[in-house]
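The values are calculated or read from the model by the stated rules, or taken from the named source; none is laboratory data. Since the structure is predicted, the reported quantities are computational estimates derived from the model, not experimental observations. Note that each Cβ is placed from the backbone with ideal geometry, even for glycine, and that neighbours are counted across all protein chains shown.
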Amino acid sequence: MRRLVALSLAALVLSVCSADTPAVAQDVFAKALEWSEKHEGELRKPASIEKLERARATTEERLNGPGTTIRGYVSKVDGSVQPYALTLPKGFDPKRSKRWPLVVKLHGRANTMNELEFVARHDGRPPEKGQDWIQLEPYGRGNNAFRWAGETDVFEAIEDVAKQFRIDRRRITLWGFSMGGAGAWHLGMHHPSKWVSVGAGAGFVDFYEYQNQKERRPPWQHATLGIYDAKDYALNAFNVPTVGYGGEKDKQLAAAKTMVAEAEKLDVPVKLIVGAGAGHKFTPEASAEFQAFLAKPREKGQRAYPGNPEIRFTTRTLKYNQCHWLTIEELVKQYEPATVESKFDSSGELQITTKNVAILQIARDLADRVVIDGDLVPLSGAADGLLPGVYYEHNGNAWFPLTYEDSKDFYQNQSGRKRPGVQGPIDDAFTGPFVCVRGTGEPWSKSHQAWSDWTLNRFENEWSKWMRGELPVIDDEPVEVVEDDEGRRYLEDQRNLILFGDPGSNKVIAQLLKDLPIEWTPEKLVANGETYDPNDHAVSLIFPNPLDKRFYVVLNSGHTFHEKDFRASNSWLFPRLGDIAVQRFEKTDDGFAEETVWADIFNGAWRLPPKK
C-alpha cells in the first residue's frame, strides 16, 4: 500500500508538469518521491513533499530566470536519473554571447540525504548577493564524499550544464564544506587544472589520522589508500590557488592544517583561514575572506590552452593523471608517488623532470622541443605532427617519442597494460559505464553459485541505497565484438562487464576464461599458483577485457566496501580486495560470511609480482 501511495504521488508530479518542464527534470521529481519510499525509512514528512512540489513549480517558472532550479541528467554509468541544483544570477540572458564563470559547490553529509531532501533544501532559493556566476550544486549520488560514481556525478553534471549554457571553462571554481570540503580537497587536488580556484572547509584528507587508526591495513588496502588520501596530493596545489578553512573549535580544522603542512614541506602555498571561536561552521568574516580568495583568480581565469608551462604534479594512480598539457600514461610502480615538474632554465629551455613515470604525453603546442630528464626531444614536429599530443616512452636509458603508428596503437592498448581508465582496482569498474551479467546455466558448483547470487543481490541493494541507481543487470549471452578496417576488435556494447557465476552457469565467463589470470575447473580454482576448492572459495578480480582492452571485466564482485562502511563514514569507502582476491565463504542464517584468504595488486603489465 505504501509503495502505491508513493507511485501515485510521482504520477501527480508528472501530471502537473507542463510541456515546458525539461523531461529529465520531470523524471527527477518522480524519482525523488518513488525512491523516498523505495528504501525503508526514507519517506519524509509532508513538508518535504510540499517543498518538492514548490521546487517543481519554481523550476518550470524559472528555467532561464534568476534563482535556483532543479535539473537532472541520465548518467552514463548506469542509466539512472541524477539531480542537481542550478542557480542563475540576476540579469542572466541565455541569448547573450557572454561566457559565464561556473561555481561548483559540494554539499555536506546528511543522514536524511536522498533525492527528496536534496530537492527540498533548494526550494525557492534566490541568487546570492552580488552573484555574477552560474552556480552548480551536484547531488553526487548522496553521501559518498564525491568518490567513485559520486565523483563521476560531479563531472557529468558540469557537462550537462555546459550543454545548456555558455560556460567559461577557464573560470570554474570548486568549493565545499564538511563532506563537501572533503570532496573539494579530493577533486581539487586530483584534478588541479580543471579549476581556477579551490576552497575546502573542514572535511577529511586521509584515512588513518581521521579515523584514529593505529594499525596499518593489509598491503593491498594500504596501497590503494593512495587513490583518495588528498594529503598525498598536496603538491598539486602548486597548479591552482587553494584555500582551506576550519572553525577554531572544530576538530576537522586538523584536515586543513594537515594540507597546509604537507604543502609547506614542498614549498607550495595553501592559504589557511580559521574561524575565530567557531565550531563546525563558517563565521561571517571567515566566509567573506574565503569567498574573496576564490573570486580573485576567477576574475582573470586560467591561462589559455595549453596552460601554464611550469607545473608541479603528482599522482599515485593513473586514474588521476592529467595537469594542463601533461598526461601520465604509464607508471613504473603502481600506487607509489609519480611526479612531473617543469621549469624554464637560464637559456629559456623548458626542463621537465620525472619520477616513477614510464610513458607520458605532452601537448605539441607547448614548445618546439623540450628536455625530459636531460634528454632533448622534439615536440611540435614529432609523430609527423599529426596528433594533438606526443607520446614519450622511457626505454630504461632515455626518453624517445613514439611514431604516429605506434601512437595510434598505444590508444588501442593492444598490449593490455595498465593505462588511464584501465588501471584498477575492482571498485574502479563502477565509475564508468558497466553492466552486470548473471549466469543462467547449470553451475559447476551449487554452493559457489549460491554465494555468487547472494553477492549480486547485495551489490544490487547497496548500489540502489547508497549510489542511487538501479543496478544494470542482464542475462548471459556470448559477448559480441566488431572489427574496424585495420582488424582491431571492439566491444559492441562498450561497457565494463561485471560477471557473476562460474564457467558452467555464465557463458561470458566461459568465453573469456582462457585469457584471465586464473585456472578454473569444476574441481579446483587456481590463483597465483595456489589451489582452492570452488565449493567454498571464490576469486574476485578486475582485468582488461580480452575482447577490448579499453574496458574491464570483473569476476563476482560489486563494490568491495559495504553498507556498514557507507553508514560509518565516507573515509571508509576505500578498496578492500585490490585487483584480485580469493575469498572463503560460508553459509550463514542471513547470507554468507566471507574471509579474504589472499589478495594482491597487479603490476603495470597486469601481472602479479613474483612470489617471495
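Before moving on, here are some points about what is shown:
- Of the strands (runs of 3 or more DSSP E) contained entirely in segment 421-500, those carrying at least 3 residues that are under 19 Å from Leu541 (Cα atoms) and within 21 Å of the chain's Cα centre (by Cα) fall at 434-438, 496-500.
For (1) under 18 Å from Gln221 (Cα atoms); (2) out of contact with any Asp or Glu (no Cβ under 6 Å at 6 or more places or on another chain); (3) not basic (Lys, Arg), each residue gets a yes or a no:
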| residue | (1), (2), (3) |
| --- | --- |
| Tyr552 | no, yes, yes |
| Leu555 | no, yes, yes |
| Phe561 | yes, yes, yes |
| Arg576 | yes, yes, no |
| Ala581 | yes, yes, yes |
| Asp589 | no, yes, yes |
| Glu594 | yes, yes, yes |
| Ile601 | yes, no, yes |
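- Condition broken by Lys214, with the remaining ones in (1) over 26 Å from Gly150 (Cα atoms); (2) buried (at least 22 other Cβ atoms within 10 Å of the Cβ); (3) not acidic (Asp, Glu) satisfied: (2)
- Counting only residues that are farther than 26 Å from Asp475 by Cβ and of a type in the set (Ser, Thr, Tyr), segment 506-531 holds 1 of them.
- Considering Asp409, Asp428, the condition of being acidic (Asp, Glu), out of contact with any helix residue (DSSP H, G or I) (no Cβ under 6 Å at 6 or more places or on another chain) and within 30 Å of Met467 (Cβ to Cβ) is satisfied by Asp428 alone.
- Residues in segment 548-564 that are crowded, with 19+ Cβ neighbours inside 10 Å and either more than 15 Å from Phe434 (Cα to Cα) or not hydrophobic (A, V, I, L, M, F, W, C) (or both): Asp548, Lys549, Tyr552, Asn556, Ser557, Gly558, His559, Thr560, Phe561.
- Every pair of residues 6+ apart whose Cβ atoms lie under 7 Å, when the first sits in segment 355-376 and is over 20 Å from Leu387 (Cβ atoms) while the second is assigned to a loop (DSSP other than H, G, I, E, B) and of a type in the set (Asp, Glu): Asn356/Glu336; Val371/Glu349
- Segment 193-241: number of residues that are more than 23 Å from Leu318 (Cα to Cα) and β-branched (Val, Ile, Thr): 0
- Candidates Trp175, Trp185 - the one that is at pLDDT 95 or above, farther than 23 Å from Pro425 by Cβ and of a type in the set (Phe, Trp, Tyr): Trp175
- Pairs meeting the criteria (first residue in segment 456-482 and in the same structural domain as Asp548 (by TED's automatic domain parsing) and among the hydrophobic types (A, V, I, L, M, F, W, C), second residue assigned to a helix (DSSP H, G or I) and buried (at least 20 other Cβ atoms within 10 Å of the Cβ), beta carbons under 6 Å, at least 6 apart or on different chains) are Met467/Ala149; Leu471/Trp463; Val479/Val508.
- One residue stands out in segment 110-148 among those that are touching an Asp or Glu at 6+ places or on another chain (Cβ under 8 Å) and among the small types (Gly, Ala, Ser): the one that is farthest from Tyr73 (Cα to Cα), namely Ala110.
- Condition broken by Ala450, with the remaining ones in (1) of a type outside the set (Val, Ile, Thr); (2) in contact (Cβ under 8 Å) with a residue 60 or more places away in the chain; (3) touching a Ser or Thr at 6+ places or on another chain (Cβ under 8 Å) satisfied: (3)
- Residue match in segment 333-344 (condition: surrounded by fewer than 19 Cβ atoms within 10 Å (Cβ to Cβ), at negative phi and over 32 Å from the mean Cα position of the chain (by Cα)): yes
- Meets criteria (farther than 17 Å from Phe290 by Cβ and not in a loop (DSSP other than H, G, I, E, B)) for Val119: yes
The rows are residues; the columns are (1) under 23 Å from the mean Cα position of the chain (by Cα); (2) within 23 Å of Pro433 (Cβ to Cβ); (3) touching a residue at least 12 places away in the same chain (Cβ under 8 Å).
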{"residue": "Glu60", "(1), (2), (3)": "no, no, yes"}
{"residue": "Arg71", "(1), (2), (3)": "yes, yes, yes"}
{"residue": "Ala85", "(1), (2), (3)": "yes, no, yes"}
{"residue": "Lys95", "(1), (2), (3)": "no, no, no"}
{"residue": "Leu102", "(1), (2), (3)": "yes, no, yes"}
{"residue": "Gly150", "(1), (2), (3)": "yes, yes, yes"}
{"residue": "Asp153", "(1), (2), (3)": "yes, yes, yes"}
{"residue": "Ala157", "(1), (2), (3)": "yes, yes, yes"}
{"residue": "Lys163", "(1), (2), (3)": "yes, yes, no"}
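- Identity of the residue in segment 306-332, out of contact with any helix residue (DSSP H, G or I) (no Cβ under 6 Å at 6 or more places or on another chain) and polar (S, T, N, Q), that ends up surrounded by the fewest Cβ atoms within 10 Å (Cβ to Cβ): Asn308
- Looking only at residues of segment 148-178 that are among the polar types (S, T, N, Q) and not in a helix (DSSP H, G or I), we find that the one that is farthest from Leu88 (Cα to Cα) is Ser178.
- Restricting attention to segment 263-283, the residues being part of a loop (DSSP other than H, G, I, E, B) and touching a residue at least 24 places away in the same chain (Cβ under 8 Å) number 12.
- Test: residue in segment 407-422 that is surrounded by 19 or more Cβ atoms within 10 Å (Cβ to Cβ), modelled with pLDDT of 95 or more, touching an Asp or Glu at 6+ places or on another chain (Cβ under 7 Å) and hydrophobic (A, V, I, L, M, F, W, C): no
- Filtered residue count, segment 253-272, keeping only those that are surrounded by fewer than 23 Cβ atoms within 10 Å (Cβ to Cβ) and in contact with a Phe, Trp or Tyr (Cβ under 7 Å, 6 or more places away or on another chain): 2
- If you go through segment 100-156 and keep only what is surrounded by 19 or more Cβ atoms within 10 Å (Cβ to Cβ), farther than 17 Å from Arg71 by Cα and among the basic types (Lys, Arg), you end up with just Arg147.
- Residue match in segment 366-377 (condition: surrounded by fewer than 20 Cβ atoms within 10 Å (Cβ to Cβ), within 20 Å of Tyr411 (Cα to Cα) and small (Gly, Ala, Ser)): no
- Residue tally, condition surrounded by fewer than 17 Cβ atoms within 10 Å (Cβ to Cβ) and either part of a helix (DSSP H, G or I) or in contact with a helix residue (DSSP H, G or I) (Cβ under 6 Å, 6 or more places away or on another chain) (or both), over segment 54-69: 3
- Under the condition of being of a type in the set (Ser, Thr, Tyr) and within 15 Å of Arg166 (Cα to Cα), the residues counted in segment 79-124 number 2.
- Of the residues making up segment 173-218, those that are free of Cβ contacts under 8 Å to residues at least 24 places away in the same chain and over 14 Å from Ala237 (Cβ atoms) number 7.
- Looking across segment 563-610, the residues that are touching a residue at least 60 places away in the same chain (Cβ under 8 Å) and basic (Lys, Arg) come down to Arg576, Lys587, Arg607.
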